[in-house]
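Undergrad: To start, I am sharing the structure in question, which I have written as structure tokens.
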Amino acid sequence: MPVLCLTLVHSAATAAVTPDSKPREWPANLAKHQIMIRREAADQQQSAMIAAAETAQPSKETLKQAAGEAAVPAGEKVWWYEEQLGIRIPCAITADAVAYYSDLVGKYGRQVLQRYVEPSSRLDYHAGVKFHRDFKLGDKSFNNVHVVTLKLTFSQNFTATMTEGMRFEKERVVILDATGKVLHISGDGPTEVPILAI
């Protein structure tokens, strides 16, 4: 087993592997790759509100701002703005984003990998909705609205590459009227992604 020394500097952790360390073969292990998806709805209306919030796409302007100098990914339902370690980094949480990370963790769990450290990954996603007669968000006020909160946490350690890992959290708040029309979205934009390397 390699000896690791980790330090976190400017959102990047670095470590050293001892010179005599060699990667070993880790068998497929679903227990090390976990998927937790919870959509909490009390009735069909709340389910419909969560579905509407998950369908709402980030604006083209928000995607451009998140991507900065880089080109925005092409496509119809683009929710990410860049890739790191070959993994899409979210600008917004949508149903497609949840499916992407769920598929990724499922795929990792079925792979045999040559790594210095046992690989692992996890998706934790929670969607909930509450009705508010009066709701304030920043300097905006809303009446008789459904507020959907989407929270996603993703991590992978030594699955995408032999010596790197990442973890990020993202939250999106979507405000909808009684018909399910999106009135406001908060939380879309760039995501801070600390990278761990050995």
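The values are calculated or read from the model by the stated rules, or taken from the named source; none is laboratory data. Since the model is a prediction, treat every value here as computed from it, not as a measurement. We place every Cβ from the backbone using ideal geometry, glycine too, and count neighbours over all the protein chains shown. Note: accessible area is taken over every heavy atom of the protein model, side chains too, but ligands, DNA and RNA are not part of it. Shrake-Rupley method; radii C 1.70, N 1.55, O 1.52, S 1.80 Å.
Undergrad: For region 84-198, what is the per residue volume of the convex hull drawn over the alpha-carbon atoms, in cubic angstrom?
TA: 99 Å³
Undergrad: Now for a different question. Give the lysines reachable from Lys151 as a straight Cα distance under 25 Å; neighbours fewer than 8 places away on the same chain don't count.
TA: Lys32, Lys60, Lys64, Lys77, Lys107, Lys130, Lys136, Lys140, Lys170, Lys181
Undergrad: If you don't mind, another one. Using label points projected 7 Å from each Cα along Cα→Cβ, tell me how many nm separate Lys107 and Thr179, to one decimal.
TA: 4.0 nm
Undergrad: Given charges of +1 on the Cβ of Lys and Arg and -1 on the Cβ of Asp and Glu, with all other atoms neutral, how large is the dipole of region 16-62 about its Cα centre, in debye to the nearest 20?
TA: 200 debye
Undergrad: What part of the accessible area of region 20-66, given as a whole %, is carbon or sulfur when the probe is 1.4 angstrom?
TA: Details: 1620 of 3250 Å².
The value for region 20-66 is 50 percent carbon and sulfur by accessible area.
Undergrad: In nm, to one decimal, how far is the Arg133 label point from the Ala74 one, both placed 7 Å along Cα→Cβ?
TA: Going by the 7 Å Cα→Cβ label model, 5.3 nm.
Undergrad: Per DSSP H run of n ≥ 4, the term is -39500 (n - 2.57); total these for the chain, divide by its residue number, and report the mean residue ellipticity at 222 nm rounded to 500 deg cm²/dmol.
TA: Taken over the chain, the calculation gives -5500 deg cm²/dmol.
Undergrad: Using the beta-carbon distance between Asp43 and Phe168 and R0 = 25 Å, what value does 1/(1 + (r/R0)^6) give for FRET efficiency, to the nearest 0.05?
TA: Values: r = 32 Å, r/R0 = 1.28.
It comes out at approximately 0.20.
Undergrad: Based on the Cβ-Cβ distance from Gln114 to Glu83, what FRET efficiency comes out when R0 is 25 Å, to the nearest 0.05? Show your work: numbers first, answer last.
TA: Numbers: r = 23 Å, r/R0 = 0.90.
Step by step, r from the Cβ atoms, then E = 0.65.
Undergrad: Taking the alpha-carbon centroid of each part, what is the distance from region 165-197 to region 76-103 in angstrom?
TA: 11 Å
Undergrad: Report P(r) for region 154-198: all Cα-Cα distances, bin width 10 Å, range 0 to the bin holding the largest distance, values in whole percent.
TA: 24, 31, 21, 16, 7, 0
Undergrad: How much length would be gained if the chain were fully extended between Ile195 and Glu25, taking 0.36 nm per residue of separation minus their Cα-Cα distance, in nm to one decimal?
TA: 58.9 nm
Undergrad: Oh, and also: With both bridge residues required to lie in region 25-139, what share of the DSSP beta bridges run antiparallel, to the nearest 5%?
TA: Of all bridge pairs located within region 25-139, approximately 45 percent are antiparallel.
Undergrad: Report the one residue of Tyr116, His33, Pro190 whose Cα lies farthest in the direction of the positive end of the charge dipole of the chain (charges on C-beta: Lys and Arg +1, Asp and Glu -1; origin at the Cα centre).
TA: With unit charges placed on the Cβ atoms, the residue in question is His33.
Undergrad: Taking 0.36 nm per residue of separation and subtracting the Cα-Cα distance, what length does fully extending Met36 through Lys60 add?
TA: 5.7 nm
Undergrad: What number, in percent, do you get for the relative contact order of the chain if the mean sequence gap of Cα pairs under 8 Å and at least 6 apart is divided by its residue count?
TA: 26 percent
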